[in-house]
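Each remark here refers to the structure printed beneath this line.
The values are calculated or read from the model by the stated rules, or taken from the named source; none is laboratory data. As the structure is a prediction and not an experimental result, all values here were calculated from the model. Here the Cβ is made from the backbone with ideal geometry for all residues, glycine too, and neighbour counts use every protein chain on show. SASA here: full protein model, heavy atoms, side chains in, ligands and nucleic acids out. Shrake-Rupley method; radii C 1.70, N 1.55, O 1.52, S 1.80 Å.
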Amino acid sequence: MRWRRLPNRAMTSMAIVCAALLVNGCEAQVWGAPPAAESTPQATVVAPQASLPVLPEAPPDQLAAPLDGLDARVRQATADAAASGADIEAVVLDRNTGQIVSNGANKPFPLASVVKLFIADDLLLQESKGETQLSAADRKSLDIMLRSSDDSAAQMFWNRSGQNAIIARVVARYGLTGTTAPSNGHWDVTLSTASDLVRYYDMLLDGTGGLPPEQADVIISNLAQSTPTGIDGYPQRFGIPEGLYAEPVAVKQGWFCCWNGANQLHVSTGTIGPERRYVMAISSLEPDDAAAARETITQAVKTMFPGGKI
């Protein structure tokens, strides 16, 4: 990424019917080896079978609530980051239940390299409609742009597809109310919100944004192969990848210096968990050196998800 100086079933029921034995009582054994055979013969008693009451079964999505308690941890992470001088925006969505947890902030921030999602999305839709053709070289550039955040590939596709018009088309298809095209035409300062980014991922995954599943899979598959460093050598495992180290993730990261003064901008977005159940977006602005800023956003995710897992 270029550096520029710019203005979260578990209900289990068990009914145990124990018939009175002619010998010493009754024992239920859940774990461990079977009891040793007794030398004293045991009388066999057959208890009459009674119909057990049928308990109401909760819908699958309501049985597990992994995001319970996350709101408090998000507030704690926000406060801890603020103590370090960082301003963070964070939103988490459980796509199975529709539960959303955020820190309540919804201020726009520059997307930096995260806008490459929109560039790829628009380009792949054009291809699916037969409006453009992607050569083998184009495909390779697209992969590197998404996995390793190649700026030169982003600039090429940005110019080819109409620059700001890309943002307008994506905004319209996904209903992104907090996303605006860059006033200066530079793709990296496209403004958006954590809420819009979570909405984008959710609609990308369920197809309601208009991108066919085959093309959406091109994007997500590449994000699942995100490289440890960008093509420019910058470490891009901050935030979600390092904070949620015990989960499968597919991420797009963004970064640059400087915004609103000397603030380091870091954005970490993507899908989390089996079957892409969760979506998260988190951004951080911090007037510190790059390494400290990366640690701040990573620690925020770790505070939200202790143990590196949702």
Taking the range 257-282 on its own, how many of its residues are on the phi < 0 side of the Ramachandran plot and in contact with a Lys or Arg (Cβ under 9 Å, 6 or more places away or on another chain)?
-> 13
Number of the condition not met by ASP188 [criteria: (1) open to solvent by less than 40 Å² (accessible area, probe 1.4 Å); (2) acidic (Asp, Glu); (3) closer than 24 Å to THR303 by Cα] | (3)
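Is it fair to say PHE238 is among the aromatic types (Phe, Trp, Tyr), open to solvent by less than 10 Å² (accessible area, probe 1.4 Å) and touching a His at 6+ places or on another chain (Cβ under 9 Å)?
Numbers: among the aromatic types (Phe, Trp, Tyr): yes; open to solvent by less than 10 Å² (accessible area, probe 1.4 Å): yes; touching a His at 6+ places or on another chain (Cβ under 9 Å): yes.
Against the criterion (among the aromatic types (Phe, Trp, Tyr), open to solvent by less than 10 Å² (accessible area, probe 1.4 Å) and touching a His at 6+ places or on another chain (Cβ under 9 Å)), PHE238 qualifies.
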Which of (1) open to solvent by less than 40 Å² (accessible area, probe 1.4 Å); (2) within 23 Å of ASP138 (Cβ to Cβ) is the odd one out, the single condition GLU214 does not satisfy?
-> (1)
Tally the residues that are out of contact with any strand residue (DSSP E or B) (no Cβ under 7 Å at 6 or more places or on another chain), under 27 Å from GLU275 (Cα atoms) and polar (S, T, N, Q), restricting the search to the range 62-103.
-> 4
Among residues belonging to the range 254-310 that are within 14 Å of the chain's Cα centre (by Cα) and farther than 15 Å from VAL91 by Cα, point out the one that is surrounded by the most Cβ atoms within 10 Å (Cβ to Cβ).
-> ARG276
Qualifying positions in the range 87-116 - open to solvent by 10 Å² or more (accessible area, probe 1.4 Å) and of a type in the set (Gly, Ala, Ser) = GLY98, SER102, GLY104, ALA105
